[in-house]
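Reviewing the structure listed below.
Nothing in this text is a laboratory measurement; each read-out follows from the coordinates by a stated rule. Everything numeric in this text was worked out from a predicted model, so none of it was measured. Cβ atoms come from the backbone with ideal geometry, glycine included; neighbour counts cover every protein chain shown.
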2 protein chains.
Amino acid sequence: MNRSYRTYLVTQEDLSVDRSTREVVERAIEGGIDAVQLREKHATARRRYELGRELRELTERAGVDLIVNDRVDVARAVDADGVHLGDDDLPIGVARGILGEGAVIGRSVSTVDAAREAEANGADYLGVGAVFHTSSKDDVADDELAIGVERVREIRGAVGIPLVAIGGITPENAASAVAAGAEGVAVISAITGADDPAAATRELRAAVEDGLEGEE
Amino acid sequence: MNRSYRTYLVTQEDLSVDRSTREVVERAIEGGIDAVQLREKHATARRRYELGRELRELTERAGVDLIVNDRVDVARAVDADGVHLGDDDLPIGVARGILGEGAVIGRSVSTVDAAREAEANGADYLGVGAVFHTSSKDDVADDELAIGVERVREIRGAVGIPLVAIGGITPENAASAVAAGAEGVAVISAITGADDPAAATRELRAAVEDGLEGEE
Ligand code: NI
């Protein structure tokens with residue numbers, strides 16, 4: 001990973017209040033986002049590839065990491081920094097074989113056992129969640145019940161790689177997830193659905209920094 | 001391509017009458033199938049990867065080509081012979097970059113213009129269809145109206161790479177698609193749904209050979 005992921009935007013155009021994902025990413029970069037995950041759950045591979053090339057240009061220029069959700073081939077095709085994988089996706093080792101040692105590979109986990117396994121398999125960071133309860137529309141990990149910050153603390157105690165808290169994160173609760181051991185927070189709607197995505201990104205970063213200061 | 005694709009099975013476990021795809025593929029190999037496309041439209045990438053590894057073992061041993069539908073990363077992960085792409089998938093050149101010059105890349109087309117474009121982009125064969133009307137359950141190219149054998153003939157006149165006719169193919173109509181210029185036929189249910197998939201594969205091959213003899 002090129003840098004710390006304090007704030008991490010997961011894209012979803014249909015949760016972006018009639019703005020394009022490109023526009024939301026431009027504004028998030030303006031607000032100091034550290035990483036962008038190209039998700040676009042309902043888009044075709046072709047669309048994700050085309051959008052990924054656009055986002056690669058924007059993020060590269062800004063020194064922001066670009067991560068592709070799920071599709072290792074799309075990650076490689078757009079020269080992303082890495083890929084984010086879940087239980088339904090290719091194994092970490094397979095993605096590593098295709099993307100190489102330099103790639104950032106993230107893995108979604110919600111339990112201590114899964115976190116240990118992902119670290120053992122070579123994950124570079126963990127997306128931990130859903131930390132807070134989320135509405136289904138907004139959801140990043142919609143099959144999961146909220147695991148709460150206590151679980152973040154347990155996972156923090158079990159593995160050495162960075163944790164990014166995800167699921168129901170807002171400027172109000174971000175500090176508590178970070179105080180529990182996450183190095184940053186990932187969001188969709190808190191940025192994509194904000195009136196001002198740049199301001200929302202700044203607000204989220206400030207909350208993360210509060211949490212880091214308050215860390216036990 | 002290692003060999004001619006006279007008969008080409010597209011897998012779909014939920015159209016396999018309670019048999020596993022593994023079992024259907026074993027029987028199709030017994031019947032002399034030339035190529036197997038791992039499709040499994042509703043399966044996760046993880047499932048397709050695991051099934052693909054099983055099918056790779058079976059097909060490798062039998063000298064049958066294994067093609068993965070859509071996912072270039074899964075194709076590479078299971079060491080498939082190639083990938084089959086449609087309009088919604090990654091571009092042919094991108095797949096070529098990931099899989100290399102030796103990979104077989106197929107492309108679904110239904111028009112002469114798309115066939116020319118796919119050939120120019122480096123496709124190794126074309127899946128042409130839907131040639132015949134298909135029920136939606138059985139469908140390989142379910143958004144397409146049937147293009148008919150006349151279109152196969154036009155495409156045959158426009159490009160030099162092999163054509164595999166797909167969509168509504170049965171032992172009864174296979175010869176007419178081949179006589180119009182396809183080098184073989186691809187099916188789902190005609191094999192997966194057959195009482196005896198090995199016998200169905202043999203019957204289909206016999207029909208293709210009839211069509212080749214009758215070729216104008
Ligand atoms: Ni879906």
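See the values below:
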| item | result |
| --- | --- |
| Under 5 Å, built H, 5+ apart or other chain: amide partners of A:VAL185 | A:THR7, A:TYR8, A:ALA165 |
| Estimated FRET transfer efficiency (B:GLU101, A:VAL17; beta-carbon r; R0 45 Å; 0.05) | 0.50 |
| Rule-of-thumb Rg ratio for the stretch B:10-63 [Cα; 2.2 N^0.38 Å; N residues] | 1.05 |
| Neighbouring partner chain Cβ atoms per residue of A:92-98, average, 10 Å criterion | 3 |
| Environment charge of B:ARG22, counting only residues whose C-beta is closer than 12 Å and scoring Lys/Arg +1, Asp/Glu -1 | -3 |
| Inter-copy label distances at B:ALA158 (7 Å, Cα→Cβ; nm, one decimal) | 5.6 |
| Shielding of B:64-73 by partner chains, average beta-carbon count, 10 Å | 3 |
| In order through the stretch A:198-210: 3J(HN,Hα) via Karplus (6.51 cos²θ - 1.76 cosθ + 1.60), integer Hz, x for Gly, Pro | 5, 4, 5, 5, 4, 5, 5, 5, 4, 5, 4, 5, 4 |
| Residue (of B:LEU51, B:GLN37, B:TYR5) at the positive-pole extreme of the stretch B:1-149, dipole from beta-carbon charges | B:LEU51 |
| Rotation relating B and A, chain A residue nearest the axis via C-beta, angstrom | A:ASP73, 2 |
| Inter-site label distance for B:ASP195 and B:ALA146 at 7 Å from Cα along Cβ, in nm | 2.5 |
| Diffusion constant of the stretch B:64-216 at 25 °C, which comes from Stokes-Einstein with the Kirkwood Cα-pair radius and 0.890 mPa s, µm²/s | 157 |
| Orientation-averaged projected area, Cα convex hull of the stretch B:68-113 (nm²) | 3.2 |
| Kirkwood Rh, Cα atoms: Rg over Rh of the protein assembly as shown | 1.05 |
| ³J(HN,Hα), Karplus 6.51/-1.76/1.60, whole Hz, each residue of the stretch A:68-80, x for Gly, Pro | 9, 6, 6, 8, 5, 5, 5, 4, 5, 5, 9, 6, 5 |
